[in-house]
Amino acid sequence: MPTTRLLLALVLMLPIIGGWCSYKGSQRSFGQQNSPQITRKPACGCYVCGLSYEPFDDRDNGCAGILAEDACPSALSQMPAESRAAFCQRVKTVRKFSSFKDACPGLASICESGSSEPSTKRDCEPPPPWQNASSSKMSCKDIQSPQVSINQGVVSLAVCGYAVWSYAGRASDGQVDNAFNQGYQSTLTKWVKAQIGSRICCDKFQEAIQRGQTCDPRVDVDCDGKPNGSDSVWSSELGASLPDINIFKKSEGAPVDRFPPGLDPDDPNFMPPYEKCDCKWELLKGSLTCSLDGKQPHVYQAKWKCPATGNELLTRKEAPASAPCAKP
């Protein structure tokens, strides 16, 4: 692959359960210091089929750099359908092949018929197949943690070895803002831990790719019908976007107190059983009760509902009275 593929100047990007007051405070301080320097430009094209790069369209101004092939599907998913179709057709014509799956698998998920537009017509959002690593009833041999790294000025999030999110912080003069990227890397790592935990079942991740089950996690990692590149939430405190990867849903307008540190998907006593619902569990209510006397434990109690069956259940998490606790 040409070394110029490393000239990534990507501004694709891509929150859920927040942290506690101390984490929130660190975000605010960081965001106030760096957010005025952030600028975002689209990429000009991407490397395809292990060869040279292909431009996204005929623009020659207002874009910045060429994407690696594994980042191309996310970029394409944010383009208008007609522009995406034109790009895919151009690649087939120039490379002289008929099947992306056989000749250019890196783009098959977004360019093959029926897969270029993630489906949003579902009775319910299915749970991501890789979510079940902690389930006692599921066999998972390859368990990995999400990886957040910085390469050539781009902060990337990889799940089971596949890049599903990236962000580049740049100063007003267009140069890479290394200080911002380092802070963004730290924040993104904590954010992802709160969203999906640190135990990903990569056996199921690969199976979903190979068999086309549920969704293609390379394009839609949380199976919510939104492509990874645009499935994001803006953090005004950080001054940047963060990926909105959800393994459960939250009822609109639901009274949900912020989750405290340590309350994340790694806790088997808090998240509802993956195998007990064919849909994503829906969080109806979340209540944090801090200890008033400094002796009783802090308590977080959540009420969940399975959209497929209507069944509801309660989960409860306790923390020592000595732990920090503050309601938003």
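Values for this structure:
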| read-out | value |
| --- | --- |
| Antiparallel bridges, percent of DSSP beta bridges restricted to segment 169-294 (to nearest 5) | 60 percent |
| Cα extents of segment 167-311 along the three principal axes, largest first (Å) | 52, 50, 28 |
| Convex hull volume per residue for segment 217-270, taking Cα atoms only, in Å³ | 133 Å³ |
| Which of L263, L292, L313 has the fewest Cβ neighbours within 10 Å, and the rest in rising order | L292, L313, L263 |
| Kirkwood-Stokes translational diffusion coefficient of segment 248-328, alpha-carbon pairs, 25 °C, 0.890 mPa s, µm²/s | 183 µm²/s |
| Other-chain or far-sequence residues with amide H under 5 Å of N311's (modelled H) | C306 |
| Ranked list, fewest to most other Cβ atoms within 10 Å of each Cβ, for W234, W304 | W234, W304 |
| For C46, distant residues with modelled amide H under 5 Å away | E54, F56, L67 |
| 19 Å cut-off, amide nitrogen to a point 7 angstrom out along R316 Cα→Cβ, residues in segment 243-258 | 257 |
| Amide H contacts of S235 (H built 1.01 Å from N, under 5 Å, at least 5 apart or other chain) | A240, S241, L242 |
| Gained length - D266 relative to I150, 0.36 nm times residue gap less alpha-carbon distance | 39.3 nm |
| Members of K101/K305; K193/K295; K193/K285 lying beyond 32 Å, as alpha-carbon distances in this model show | K101/K305 |
| Additional length obtainable on full extension of the chain from A158 to S198, 0.36 nm per residue less Cα span | 13.2 nm |
| Label-to-label distance, nm, for residues given as V233 and K285 (7 Å Cα→Cβ offset) | 2.2 nm |
| Residue order, fewest to most beta carbons within 10 Å, for S77, S287 | S287, S77 |
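Rule-based calculations on the coordinates, nothing more; no lab input. It should be emphasised that the depicted structure is a prediction, and the values quoted were computed from it without experimental measurement. Virtual Cβ from ideal backbone geometry, glycine too; neighbours counted across all protein chains shown.
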